[in-house]
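Read through the structure below, which is laid out as structure tokens, and then see the notes.
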Amino acid sequence: MNSPDTDTNTPAPAPTCSAKGCRDAAVWVLAWNNPTLHTPERRKTWLACEEHREHLSQFLGVRGFLKDVVKLDEWVQPEGSERP
Ligand SMILES: [Zn+2]
């Protein structure tokens with residue numbers, strides 16, 4: 001089970017920015033939670049390119065939803081969070 005070649009998930013295409021109309025490669029993961037919709041430990045994630053990180057985190061930040069901004073290559077999907 002620990003073989004690095006064994007992956008039950010199909011390889012995902014290169015992740016792209018979640019900003020509307022943007023197709024740049026994602027560099028950042030924005031983890032957020034809407035307390036009126038989600039349990040506190042739940043994390044929704046948006047992806048952002050370098051250019052849209054500020055815009056997207058502000059959008060979430062003013063609503064009080066933003067929890068974390070992490071580099072995509074350092075992001076670890078929390079246990080029990082939603083599947084894509
Ligand atoms: Zn973008």
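Every read-out reported here was derived from the displayed coordinates using simple, explicitly stated rules and does not represent laboratory data. Keep in mind it's a predicted model, so treat the numbers as computed, not measured.
Do you know the relative contact order of segment 28-74, to the nearest whole percent, from alpha carbon pairs under 8 angstrom that are 6+ apart? List each step's numbers first, then the result.
Working: 61 pairs, mean separation 25.5, N = 47.
The value is 54 percent.
How big is D for segment 28-74, in µm² s⁻¹ as a whole number, if Stokes-Einstein is applied with the Kirkwood radius of its Cα pairs at 37 °C and 0.692 mPa s?
Details: Rh = 10.7 Å.
Diffusion coefficient, whole number: 308 µm²/s.
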